[in-house]
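What follows is one structure encoded as structure tokens, with my remarks underneath.
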Amino acid sequence: MTPISLLHRAAPSLELLRHLLWRSGRGAFRLRATDFPRGEVWRQMHQIGNRSLLFVCVTLSFLGMVLVFQTCLQVNRITGDLSQVGAEFIKILVHEFGPSLCAMMLATRVGAGIAAELGSMVVTDQIDALAMNNVDPIDYLIVPRFVASMVMTGALTTVGVGCAVFAGALTAAYSFHVNPVVFVDPSHVRIGDLVTGFFKCAAYGAAIPLVSGFCGLSAQGGSAGVGRSTTRAVIASSFMVIVLDFVISGVAYFTLQSAP
Amino acid sequence: MTAMVECRSLCKSFGVRPLLDRVNVRLASGEICGLIGSAATGKSLLLKLLCGLQASDGGEIFIAGRRLDASSKEELQQSRKHIGMLFQNNALFDFMTVRDNVAFPLVRSGATSAEEIRERVHQTLRAVGLSGSEEKLPAELSGGMKKRVALARALVARPALLLFDEPTAGLDPVTTARIYELLGAEQARTRATMLLVSSDVDGLRRFVPRLLMLHAGRLRYDGPSDKIDSSEDEVVRQFVRGADEGPL
Amino acid sequence: MISTLRDICREVGAAYLLLLHVGTLLLRGRFDRRELGRSLAAMGADSLPIVALTAFFTGGIMVIQAGIFVRRFGAYGLLGFGAGYATLREVGPLLIGLMFSGRVGANNAAELGTMTVTEQIDGLRALAIDPIAFLIVPRVLAMVIALFCLLLVGDAVALSGGALFGKWLLGVEFSSFFHSFADNLKLADLSVGLVKAAVFGLAIAISSCHFGSSVRGGAPGVGRAVNAAVVASALAIVLSDQLITVLFK
């Protein structure tokens with residue numbers, strides 16, 4: 001395969017990607033001017049947010065327990081002073097594990113959900129039927145999901161962090177006899193941590209619907225095609241989360257975290 | 001009479017395989033026409049080209065005298081308002097109820113009031129025999145019911161050109177007969193131009209006065225449906241008779 | 001709420017029965033060995049690039065996070081230890097397991113789901129071939145072996161990536177990174193991670209096979225099954241993660 005023919009084959013995908021980025025960005029700022037039914041953003045917020053709530057709470061609680069357990073074991077082995085574990089745990093949860101693990105979970109649930117829905121719309125000609133009625137699939141389908149995901153990723157992360165702190169405090173109290181009052185100590189959280197966490201949530205919340213919407217809309221070929229595009233959406237949005245985590249953490253390390 | 005649909009030397013190929021090779025079709029306004037051909041000969045593709053869902057490689061398409069394939073996005077949207085399409089696998093929006101699905105073309109065209117939309121949806125659903133299923137989701141319907149909802153959605157805005165991709169595929173003979181009857185009644189009322197693609201050659205022949213046959217990218221037959229048996233083309237004769245021996 | 005609970009119980013029960021069935025067939029050695037080879041190639045070898053990339057960035061992220069502490073306390077000698085401990089025991093298996101679930105688990109559910117809706121599974125039954133012995137047991141075995149091996153590679157890549165970013169971002173020499181790592185970590189830290197990998201592999205395999213082979217309703221059904229499979233895998237991964245962490249302290 002020559003580079004030219006590769007480019008030629010990639011051209012429709014690149015065109016779709018350009019539309020996705022441009023329309024979603026524009027749509028997010030001018031909600032009223034774009035073209036989707038009223039209440040669609042609320043419906044998607046329910047779909048993405050409320051229906052992932054239990055999943056995020058359970059997974060983040062267990063991850064909170066594991067992280068606290070591992071840390072306490074290690075600290076016991078070295079210094080034996082467990083009083084700082086809670087404060088440090090909350091700090092790292094806010095700027096790193098909370099947003100990133102929550103987004104990894106949402107990449108599987110929300111990413112797969114969006115790609116499966118849009119992919120089966122493509123292979124059953126529903127996207128063409130929208131076009132016949134002069135509806136742009138990106139304005140109509142992606143923009144509401146994009147806006148809903150941006151809002152709900154932040155909300156779910158907040159709840160998830162709460163669950164993880166609660167579960168972590170329980171683990172520390174039962175397994176290592178750390179007083180929960182000592183454990184739940186947010187004093188180490190700086191403004192820089194909050195800003196880092198916020199940027200991560202926003203970036204993940206934007207990336208997941210875009211990546212999985214792209215995978216869903218480029219599905220082709222029956223039920224096998226829907227399966228393939230859903231798989232690609234999970235893998236691509238999870239990988240996107242890891243790369244964004246790395247990039248934002250790196251930038252934060254040199255800017256926000258170096259401030260006292 | 002002006003032509004509703006006119007294609008001049010229309011070409012389309014995927015990769016190296018030509019699916020349509022210099023095809024000329026002309027449908028007068030108010031005409032009913034059937035399109036037949038073996039599987040994967042580009043019948044569905046021709047319909048998608050006619051409503052601008054696919055871009056052609058060459059040739060010209062005119063819908064009601066307006067050039068479709070070289071038009072701007074706004075002109076294309078304007079042309080599509082006069083086209084109703086029934087997709088091969090119905091393409092019902094599975095997140096909408098039957099009522100919302102059928103109302104969709106009217107809601108999107110924006111020209112009608114809410115009261116009128118409700119009345120038209122009710123009428124159309126009654127015409128296809130689906131009164132009382134308004135609040136159901138497509139997933140709760142049987143295959144024949146889905147087809148009739150899709151039909152209602154294609155008809156509801158009373159477009160001047162109707163394209164049907166396999167309107168009777170997978171349906172029992174009674175439902176098939178009802179659907180043809182329904183299409184006939186609709187045509188008598190609105191004088192719309194209809195182009196039907198079907199693999200059910202016999203049923204289609206009884207309904208349409210004119211037949212087209214696509215084979216290997218070329219139009220092999222274009223004429224009255226009762227004369228197709230005595231076509232000079234051996235391929236056409238074999239296809240229509242379903243004979244085992246012949247050039248196919 | 002009650003009906004959701006009932007659904008969850010039903011799915012978990014069905015997955016458990018599948019696990020028992022697979023276990024019995026595996027012990028009796030009744031499965032298709034050619035399919036095992038094919039699955040190992042498709043699931044293991046083909047996932048290598050994405051696992052290696054994930055591991056590389058994971059190493060980087062862990063060095064940055066450990067670096068925040070290290071810089072605060074000036075304990076640059078502990079960087080290799082901190083990043084290595086977190087990567088080997090916890091973050092490595094978790095992230096690589098989740099990526100594996102997306103790449104292989106989702107793919108497997110999609111494949112089995114497509115075979116189910118196109119009646120290929122019924123076709124096998126009609127030929128008197130047990131679809132579980134023919135399709136599912138080899139895949140389960142292949143996923144356990146593949147994730148175990150991929151984690152070994154992933155750990156190595158993550159630590160190399162960590163060392164690279166440690167030098168680049170924090171100016172910690174390679175030798176100091178690896179000494180701090182080798183002096184403070186035991187084989188046990190690595191093996192806990194590997195145990196996790198094997199159990200995650202089993203969890204991903206069972207949930208994806210279960211949801212894949214119980215698909216109903218055409219193309220949308222396949223999409224929903226893939227969605228359910230990855231969600232169930234993620235839940236199973238975090239639950240077994242907690243269990244193994246407590247058991248192997």
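None of the figures in this text is laboratory data; all of them are computed from the coordinates on show. None of the values given here were measured: they were computed from a predicted structure. Here Cβ is always computed from backbone atoms with ideal geometry, including for glycine, and neighbour counts include all displayed protein chains.
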Charge tally in the Cβ shell below 10 Å around B:His82, where Lys, Arg are +1 and Asp, Glu are -1, B:His82 excluded: +4
Over chain B: Kirkwood hydrodynamic radius from C-alpha pairwise inverse distances, Å: 18.8 Å
Placed amide H near B:Arg210: partners under 5 Å, 5+ positions off or other chain: B:Gly34, B:Ser225
Per-residue HN-Hα couplings for the stretch A:62-67 [Karplus 6.51, -1.76, 1.60; θ = phi - 60°; Hz; x = Gly/Pro]: 5, 5, x, 4, 4, 4
Note, ³J(HN,Hα) from phi for the stretch C:160-168, Karplus 6.51, -1.76, 1.60, rounded to Hz, x at Gly and Pro: 5, x, x, 4, 4, 5, x, 6, 5
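Counting Lys and Arg as +1 and Asp and Glu as -1, each charge on the Cβ, what is the dipole of the stretch C:31-247 about the Cα centre in debye, to the nearest 20?
Numbers: 14 positive and 13 negative charges, 47 e Å.
Taking the Cα centre of the stretch C:31-247 as origin, the dipole is about 220 debye.
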Descending semi-axes in whole angstrom, ellipsoid equivalent of the stretch B:200-248, from the Cα gyration tensor: 17, 12, 10
Karplus-derived HN-Hα couplings along the stretch A:191-206 (A = 6.51, B = -1.76, C = 1.60, θ = phi - 60°), whole Hz, x at Gly and Pro: 4, x, 5, 4, 5, 4, x, 5, 4, 5, 4, 4, 5, 5, x, 7
Set of lysines near B:Lys48 by C-alpha distance (under 18 Å), chain-local residues within fewer than 8 positions excluded: B:Lys12, B:Lys73, B:Lys81
Interchain or long-range residues, amide H under 5 Å from B:Met4's placed H: B:Leu27, B:Ala28, B:Ser29
Mean projected area (nm²) of the alpha-carbon convex hull when the stretch B:104-248 is viewed from all directions: 10.6 nm²
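Rounded to two decimals, what is Rg over Rh for chain A when you use alpha-carbon atoms and the Kirkwood radius?
Here the Rg-to-Rh quotient is 1.06.
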Size of charge dipole - chain A - debye, nearest 20, with Cβ of Lys, Arg +1 and Asp, Glu -1, no other charges: 220 debye
Separation between Cα centres of the stretch A:51-107 and the stretch C:32-78, rounded to whole Å: 19 Å
Pair A:Phe198, B:Ser38: separation of 7 Å Cα→Cβ label points (nm): 6.6 nm
Separation in nanometres of the label points that stand 7 Å from Cα toward Cβ, at B:Arg26 and B:Ser71: 2.0 nm
Spin-label proximity, A:Trp42 to the stretch B:97-122 - amide N less than 18 Å from point 7 Å beyond Cα toward beta carbon: B:97
Globularity index of the stretch B:1-110, i.e. its alpha-carbon radius of gyration over 2.2 N^0.38 Å: 1.16
Percent of C-alpha pairs per 10 Å bin, the protein assembly as shown, short to long: 3, 13, 21, 21, 17, 12, 8, 4, 1, 0
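Suppose R0 equals 41 Å. What FRET efficiency, 1/(1 + (r/R0)^6) with r the Cβ-Cβ distance, do B:Ala188 and A:Val243 give to the nearest 0.05? Let's see the in-between values first.
Details: r = 62 Å, r/R0 = 1.51.
After rounding, the FRET efficiency stands at 0.10.
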Cα long-axis angle, helix C:106-117 against chain C (0 to 90 degrees, to the nearest 10): 10 degrees
Residue mean of other protein chain beta carbons inside 10 Å, B:75-87: 2
Amide proton proximity set for B:Leu219, modelled H, under 5 Å, gap of 5+: B:Asn24
Part-to-part distance (alpha-carbon centres) for the stretch C:198-231 and the stretch C:128-191, which is given in Å: 25 Å
Per residue convex hull volume, Cα atoms of the stretch C:31-247, in Å³: 119 Å³
Long-range Cα-Cα pairs in the stretch B:144-183 (distance over 14 Å), rounded percent: 42 percent
B:Ser131-A:Tyr174 pseudo-label distance in nm [points 7 Å out on the Cα-to-Cβ vector]: 6.3 nm
Virtual paramagnetic centre 7 Å along Cα→Cβ of C:Leu48, amide N under 12 Å, in the stretch C:122-156: C:150, C:153-154
